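Some notes on the structure that comes next.
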Amino acid sequence: MARRFGVRYQRRWGQNFLADREQLARIVEALEVAPADRVVEVGPGLGALTVELASRARAVAGVEIDSACVKALGLTLRDRSNIRIVEADILRTAVSELLPSPYRVAGNIPYNLTGALFVHLLEQPQPPARIDLLVQKEVAERLTAPPGDWSLATLGVRIYGQPELTLRVPRSAFLPVPRVDSALVRITPDAQPALPRTALPAFFEFVTPFFQARRKQLTFVLGRRRGVRAPEARARLSVIGIDPARRAETLTLEEWRRLFENEREQ
């Protein structure tokens, strides 16, 4: 189909089109799309998932960056009145303005967009009621892992909602075949973030250096960041019940909140 419409796989956009019908059916079932749903699809590509969404949902808005794919979609979806395709970069798109709330987001996304895209979606003025995205399996496992193996992206997601790994998809389901398997991650945003929205920019600025020095103990990063000696850094951690010898990936969301708020008071 790609050859028919003159679509070439674009490495710069991380394109891997879903081509296995059996895997597509598994993904559609896991999405649990209801007739009243409004769905924003990220990167519809050649429309394999788009058609399935449109046959089940009230409305679908697809955001596609590749102009060749947009032209192909215009032809293959021309008889579907409940689909609108927008040619745009999803990271520069006001997603909450595409469809009335409540809306959902779904899609098969380039692996290199994962962290930035989840945050972009969760920071929308009207966040999605639910997000279901196919991402690299290892990333999905880390996003949904208990504390102990968190990344900055994991913390970024947990601030806003609850992630769940719902389905694993083999690399053979895509063309061109990627080097890794994929997984479907579901995020259900909380009614409000774990911290006030006004505090979030300062929070992420605060926590980023800790994850940039993942192998260092909290005492080292806190001391370097705040310009205090190691004994004082250890004391600041101990007073809020955090072992100074721990590392960034081991902290829970509640512990990060305590550390951030304690340091703001210093």
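Restricting attention to region 178-236, the residues that are surrounded by 15 or more Cβ atoms within 10 Å (Cβ to Cβ), not in a helix (DSSP H, G or I) and not aliphatic (A, V, I, L, M) total 8. Residue-level check: of (1) within 20 Å of Trp256 (Cα to Cα); (2) modelled with pLDDT of 95 or more; (3) assigned by TED's automatic domain parsing to the domain that holds Asp37, Asp132 misses just (1).
Taking each residue of region 102-119 that is within 22 Å of Glu32 (Cα to Cα) and looking for partners that are hydroxyl-bearing (Ser, Thr, Tyr) and surrounded by fewer than 22 Cβ atoms within 10 Å (Cβ to Cβ) with beta-carbon atoms closer than 9 Å, six or more apart or interchain, yields Tyr103/Ser96. Kindly establish whether Arg8 is modelled with pLDDT under 95, within 22 Å of Asn112 (Cβ to Cβ) and among the basic types (Lys, Arg). So Arg8 passes the test. Of all the listed residues (Gly161, Gly156), the sole one being surrounded by 18 or more Cβ atoms within 10 Å (Cβ to Cβ), touching a Pro at 6+ places or on another chain (Cβ under 7 Å) and not aliphatic (A, V, I, L, M) is Gly161.
The values are calculated or read from the model by the stated rules, or taken from the named source; none is laboratory data. Just so you know, these numbers come straight off a predicted model, no measurement behind them. For neighbour counting, all protein chains shown are included, and Cβ atoms are generated from backbone atoms with ideal geometry for every residue, glycine included.
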